[in-house]
Number of protein chains: 2
Amino acid sequence: MASAKPSTSGINPDRADHCRVVGAVLDRIGDKWTIMAVSVLTDGPARFTTIMREIGGVTHRMLTLTLRGLERDGLVTRTAYATVPPRVEYELTELGRTLTTTLIPLAHWSEANWQTIRAAQDQHDARSEPALAD
Amino acid sequence: MASAKPSTSGINPDRADHCRVVGAVLDRIGDKWTIMAVSVLTDGPARFTTIMREIGGVTHRMLTLTLRGLERDGLVTRTAYATVPPRVEYELTELGRTLTTTLIPLAHWSEANWQTIRAAQDQHDARSEPALAD
C-alpha cells in the first residue's frame, strides 16, 4: 500500500530546518507594519513622527513595538541626539539594507499577482455554495 | 519646528498601497506551515500523507487548513482520483510555481542571516539588564 514514488518518499530533515528558519524570519519581519517601517527607512534615517506620518494608520504603540522589534533584530538602529527638544532617529543597519533587497522580488510578485489571488479566492468561495445545476 | 528634510517629508500614498499589498500576501503565505507545504510541492505533486510526513510536526488539522488556504488562493490544486482507496493529490499551480521562485532570495537571506539576528536579539536582551559599571 505504501507509495513507491522515489521523489517524495524520503524524509528531508534539511528542508524542515530550512523552512523553520525561513518561517522564523518571516514571523519576525513578515507583518505589514514592519514591512512599511523598513520601506520608509530605505529613503534614509527618519524620526518616529516622520515614519508614523508616512505609514499612515499605524498607532503610536504599534509603531513603537515594530521599531523596537527591528532594533532588537539588529535591522534598525535608534540614535538619540542631545538637542533641545531631544531628537531620535531610526536608520537601517547594513543587515537591514540587505533585507530590503531580498524583499523586492516578493514585493513585485505580490503587486503583480494580488488581483489574481483575490479572484481565485472569490471563485473558490462562490464554488463553496454550489449551484443546483450540473 | 517642522522638519524641512525633503527626502522624508512627503506622504507617499503609493508606498502605503504597495506595503498593504505585500503585507496582505505575507499574511497569507508568510507562515511556517505554508512555506513548508509549498516547499514540499516544489518536488512535484504529492499526497496529503506524504506532505505531512515530509514536513514533520504538523498536525492533520493544521495541514488541512494550510492546503485549503493555498487552494483558495489559486496556488495549489487538489485532484481526487477515483481509485480504491481514493487518492487525492496536491500540486502547485503555475502561479504557485512563480511564488516559489520569488521566495528563494528571501530563503537564502534567512539562512545566511538568522544566526546574526539571533545574536543581535541576545545582545539586545542582555543590554536590557544593564551592568552597574559605566
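The table for this structure:
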| quantity | calculated |
| --- | --- |
| Segment A:17-127 - percent relative contact order, Cα under 8 Å, separation 6 or more | 24 percent |
| Shielding of A:56-65 by partner chains, average beta-carbon count, 10 Å | 1 |
| Residues A:Ile35, A:Ile51 arranged by fewest to most Cβ contacts within 10 Å | A:Ile51, A:Ile35 |
| Shielding score for B:25-33, defined as the mean number of other chain Cβ atoms within 10 Å | 6 |
| Pair-distance profile P(r), taking every C-alpha pair of segment B:24-127, with 5 angstrom steps and integer % | 2, 11, 20, 20, 17, 11, 8, 5, 3, 2, 1, 0, 0 |
| Distance between segment B:61-120 and segment A:33-66 - C-alpha centres, whole angstrom | 30 Å |
| Sorted by Cβ neighbour density within 10 Å, fewest at the top, the residues A:Asp125, B:Asp43 | A:Asp125, B:Asp43 |
| A:Thr79 paired with B:Asp17, simple spin-label distance in nm, labels 7 Å along Cα-to-beta-carbon | 3.4 nm |
| Label-to-label distance, nm, for residues given as B:His60 and A:Asp122 (7 Å Cα→Cβ offset) | 3.6 nm |
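Read the figures in this text as sums done on the coordinates, not as results from a lab. None of the values given here were measured: they were computed from a predicted structure. Cβ: placed from backbone, ideal geometry, glycine included. Neighbour counts: every protein chain shown.
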